[in-house]
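Peer 1: Just passing along the structure, written as structure tokens.
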Amino acid sequence: MAQVMDMTRGKPTKLMITFAFPVILTNLGQQIYQIVDAAIVGRGVGVDALAAVGCTDWIYWMILWSMQVMTGGFAIFVSRFLGSQEYEKMNRSIVISSVLSAVIALLLTVIGLLLTEPLLRMLGTPDNILDNAVSYLSTMIAGTLIVTAYNLAAAVLRAFGDSKSPLFAMIIAALLNIVLDLLFVLVFHWGVLGAALASILSQLVAFIYCIIKIFRISYVKIDKAALMWDKKLAKDILATGLPLAVQYIIVHAGGMIVQSTINTQGSSFIAGYTAVNKLYGMLECTAISLGTAYTTFTAQNYGAGYFRRVRQGVTKSIFLAIGAALILIAALLPLNRVLPQLFIDVSEPGAMEAIDVASHYLVNMILSLPILYLVYVHRNSLQSIGISMWSLISGIFETVIRVLFSKVLFVWWGTEVLFFAEPVAWLMAWLFALFPYYYYQKRRLKIEEDKETQ
């Protein structure tokens, strides 16, 4: 039977670290997809090809991350029903989440494919890299259903406390991705199209592995009762997951606006910015992993009615987040000019300019990691107890900052402000997640906790 972790008993810090460590490795593996693609394309094909992949980042991230957080929101109900031992509802929530995810993923695929080239043109993608950008992005969007299926399967496993199975799935898929990248790009000479195909096929393997693990969990029984459609439960699941998806669509729409400004600065600037965006995925993955641990811990304990543990878990999460961010700062800051060279061949024309851009941007991102990590603590805590709307509001203000920096302050102060757009956006997102938690939700949980002890 696949592992199930009961997070309603035991020390919160130990439970979250034990749970988060495999998730960190899993998310690192998932980031390897993007990094290997970029590294092989950048060093094997050239700076222009890397810039072409980079021009697609925000558009594809809008789909990828909205689906990832949405499926994570859906899986919160699995944790809650597991905590309250309502197994029939738990299985029904898995079925409903699967149907909703498939419908939304297919809808996004159709819309995305129709808008691929118009969006890239609207963002001002340079003509010399437009064809490659369209080829890469359309292929990645075509695989949205596969990527969504994997993310939902992994989220369901984590909802049961099993963070190891998604790790093993990603190890297998990451190794396959490297092999396919080398084969498709360097042997078959398929360029950016080959890199995209390698990513999608590898995600398919990861999904198959996770599905096998889910059906080995003894609590999972997809019988007639589970297949009965429950309108109220479907509405509740949508009400939790959909605002998270909308939040990320809004956030990444703001990123697309930033990208439209980046695209006016030439291929070297775009390539340098792209290199950091690829590295950013690795910087953020620990925050995402810890956030997943907070979500599972909070949802299980909230479902079981253990409100004191919910509040304790948030306090411990803050210390974990800041500690992890400080470790990464100490480890990565001295490498601010070395890491971009994973993607950029210094012997190419324009390469040193790209590395200068990347180094400047990367330093700002690394120093701002504590803020980013705290965003995940408070956003995920709100989501886990069913308050997704404030998370959406947080995302809206995060987007406002990106637009302000790239379209208003950029006109006054030039390219320098582009290096600060992300850190300031994170700060705004954190503040709008922090206040509702401490001034409303924490008090509500304290009231519920007092009732619990009476």
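The values are calculated or read from the model by the stated rules, or taken from the named source; none is laboratory data. Keep in mind that what you see is a predicted model, and the values were worked out from it rather than measured. No Cβ is skipped: glycine too gets one built from the backbone with ideal geometry, and neighbour counts run over all protein chains shown. Calculation scope for accessible area: heavy atoms of the full protein, side chains included, ligands and nucleic acids excluded. Shrake-Rupley method; radii C 1.70, N 1.55, O 1.52, S 1.80 Å.
Peer 1: Take S218 and tell me if it is among the hydroxyl-bearing types (S, T, Y), surrounded by fewer than 23 Cβ atoms within 10 Å (Cβ to Cβ) and in contact (Cβ under 8 Å) with a residue 60 or more places away in the chain.
Peer 2: Values: among the hydroxyl-bearing types (S, T, Y): yes; surrounded by fewer than 23 Cβ atoms within 10 Å (Cβ to Cβ): yes; in contact (Cβ under 8 Å) with a residue 60 or more places away in the chain: yes.
Yes, satisfied.
Peer 1: Need at least 2 residues that are within 30 Å of I171 (Cα to Cα) and among the charged types (D, E, K, R) per element, so show me which helices (runs of 4 or more DSSP H) inside the stretch 197-306 make the cut, counting only ones lying wholly within it.
Peer 2: Here the list reads 267-304.
Peer 1: Open to solvent by less than 10 Å² (accessible area, probe 1.4 Å), polar (S, T, N, Q) and closer than 30 Å to S84 by Cβ, is that true of S202?
Peer 2: On the way: open to solvent by less than 10 Å² (accessible area, probe 1.4 Å): yes; polar (S, T, N, Q): yes; closer than 30 Å to S84 by Cβ: no.
Answer is no for this residue.
Peer 1: State whether one or more residues within the stretch 124-133 are at pLDDT below 90 and under 19 Å from I200 (Cα atoms).
Peer 2: Restricting attention to the stretch 124-133, the residues satisfying the condition of being at pLDDT below 90 are 124-133.
After this cut, where a residue has to be under 19 Å from I200 (Cα atoms) as well, the list is 132-133.
Scanning the stretch 124-133, I find at least one residue that is at pLDDT below 90 and under 19 Å from I200 (Cα atoms), so the answer is yes.
Peer 1: Any idea which residue in the stretch 155-196 is nearest to I288 (Cα to Cα), counting only those that are assigned to a loop (DSSP other than H, G, I, E, B) and touching a residue at least 60 places away in the same chain (Cβ under 8 Å)?
Peer 2: Only one residue fits best here, namely S163.
Peer 1: Then there is this: Yes or no: I385 without any contact (Cβ under 8 Å) to a residue 60 or more places away in the chain, among the β-branched types (V, I, T) and on the phi < 0 side of the Ramachandran plot? Step through it out loud before you land on a result.
Peer 2: On the way: without any contact (Cβ under 8 Å) to a residue 60 or more places away in the chain: no; among the β-branched types (V, I, T): yes; on the phi < 0 side of the Ramachandran plot: yes.
For I385, the condition - without any contact (Cβ under 8 Å) to a residue 60 or more places away in the chain, among the β-branched types (V, I, T) and on the phi < 0 side of the Ramachandran plot - is not met.
Peer 1: Of the residues E398, E422, E348, which single one is more than 19 Å from K278 (Cβ to Cβ) and among the charged types (D, E, K, R)? I'd like the intermediate steps shown before the answer.
Peer 2: Working: E422 fails: more than 19 Å from K278 (Cβ to Cβ); E348 fails: more than 19 Å from K278 (Cβ to Cβ).
Result: E398 is the single residue among E398, E422, E348 that is more than 19 Å from K278 (Cβ to Cβ) and among the charged types (D, E, K, R).
Peer 1: Need the failing condition index for T415 against (1) polar (S, T, N, Q); (2) modelled with pLDDT under 80; (3) in a helix (DSSP H, G or I); (4) farther than 25 Å from W65 by Cα, just the number.
Peer 2: (2)
Rundown of residues vs (1) modelled with pLDDT under 80; (2) at positive phi; (3) of a type in the set (D, E, K, R); (4) not in a helix (DSSP H, G or I), yes/no style:
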| position | (1), (2), (3), (4) |
| --- | --- |
| I32 | yes, no, no, no |
| D48 | yes, no, yes, no |
| W65 | yes, no, no, no |
| G72 | no, no, no, no |
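Every residue, every condition in (1) more than 30 Å from T274 (Cβ to Cβ); (2) assigned to a helix (DSSP H, G or I), yes or no:
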| site | (1), (2) |
| --- | --- |
| L82 | yes, yes |
| R92 | yes, yes |
| S97 | yes, yes |
| L100 | yes, yes |
| G124 | no, no |
| L130 | no, yes |
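Peer 1: Still on this structure, I have one more. Would you point out which residue out of L238, L283, L279, L244 is over 23 Å from V408 (Cα atoms), touching a residue at least 24 places away in the same chain (Cβ under 8 Å) and surrounded by fewer than 19 Cβ atoms within 10 Å (Cβ to Cβ)? First the steps, then the outcome.
Peer 2: Working: L283 fails: surrounded by fewer than 19 Cβ atoms within 10 Å (Cβ to Cβ); L279 fails: surrounded by fewer than 19 Cβ atoms within 10 Å (Cβ to Cβ); L244 fails: surrounded by fewer than 19 Cβ atoms within 10 Å (Cβ to Cβ).
Going through L238, L283, L279, L244 in turn, just one is over 23 Å from V408 (Cα atoms), touching a residue at least 24 places away in the same chain (Cβ under 8 Å) and surrounded by fewer than 19 Cβ atoms within 10 Å (Cβ to Cβ): L238.
Peer 1: Only one of S165, S199, S218 is among the polar types (S, T, N, Q) and in contact with an Asp or Glu (Cβ under 7 Å, 6 or more places away or on another chain). Can you tell me which? Can you show your working first?
Peer 2: Details: S165 fails: in contact with an Asp or Glu (Cβ under 7 Å, 6 or more places away or on another chain); S218 fails: in contact with an Asp or Glu (Cβ under 7 Å, 6 or more places away or on another chain).
S199 is the lone residue from the list that is among the polar types (S, T, N, Q) and in contact with an Asp or Glu (Cβ under 7 Å, 6 or more places away or on another chain).
Peer 1: Scan T315, T292, T274 and give me the residue that is out of contact with any strand residue (DSSP E or B) (no Cβ under 8 Å at 6 or more places or on another chain), closer than 29 Å to V156 by Cβ and buried (at least 23 other Cβ atoms within 10 Å of the Cβ).
Peer 2: T292
Peer 1: Being of a type in the set (G, A, S) and out of contact with any Pro (no Cβ under 9 Å at 6 or more places or on another chain) is the filter here, so list the residues in the stretch 337-355 that pass it.
Peer 2: Result: S347, G350, A351.
Peer 1: Here's something else I'd like to know. Identify the single condition in (1) at pLDDT below 85; (2) open to solvent by less than 20 Å² (accessible area, probe 1.4 Å) that E348 does not satisfy, given that it satisfies every other one.
Peer 2: Checking E348 against (1) at pLDDT below 85; (2) open to solvent by less than 20 Å² (accessible area, probe 1.4 Å), the one that fails is (2).
Peer 1: Test each condition in (1) of a type in the set (F, W, Y); (2) open to solvent by 20 Å² or more (accessible area, probe 1.4 Å); (3) touching a residue at least 24 places away in the same chain (Cβ under 8 Å) for Y361 and report the one that comes out false.
Peer 2: Among (1) of a type in the set (F, W, Y); (2) open to solvent by 20 Å² or more (accessible area, probe 1.4 Å); (3) touching a residue at least 24 places away in the same chain (Cβ under 8 Å), Y361 violates only (2).
Peer 1: Just one of (1) within 22 Å of the chain's Cα centre (by Cα); (2) open to solvent by 10 Å² or more (accessible area, probe 1.4 Å); (3) among the hydrophobic types (A, V, I, L, M, F, W, C) trips up F343, so point out which.
Peer 2: (2)
For (1) under 26 Å from G254 (Cα atoms); (2) charged (D, E, K, R); (3) touching a Lys or Arg at 6+ places or on another chain (Cβ under 8 Å); (4) surrounded by fewer than 17 Cβ atoms within 10 Å (Cβ to Cβ), each residue gets a yes or a no:
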| site | (1), (2), (3), (4) |
| --- | --- |
| L119 | yes, no, no, no |
| T139 | yes, no, no, no |
| V147 | yes, no, no, no |
| R158 | no, yes, no, no |
| L182 | no, no, no, yes |
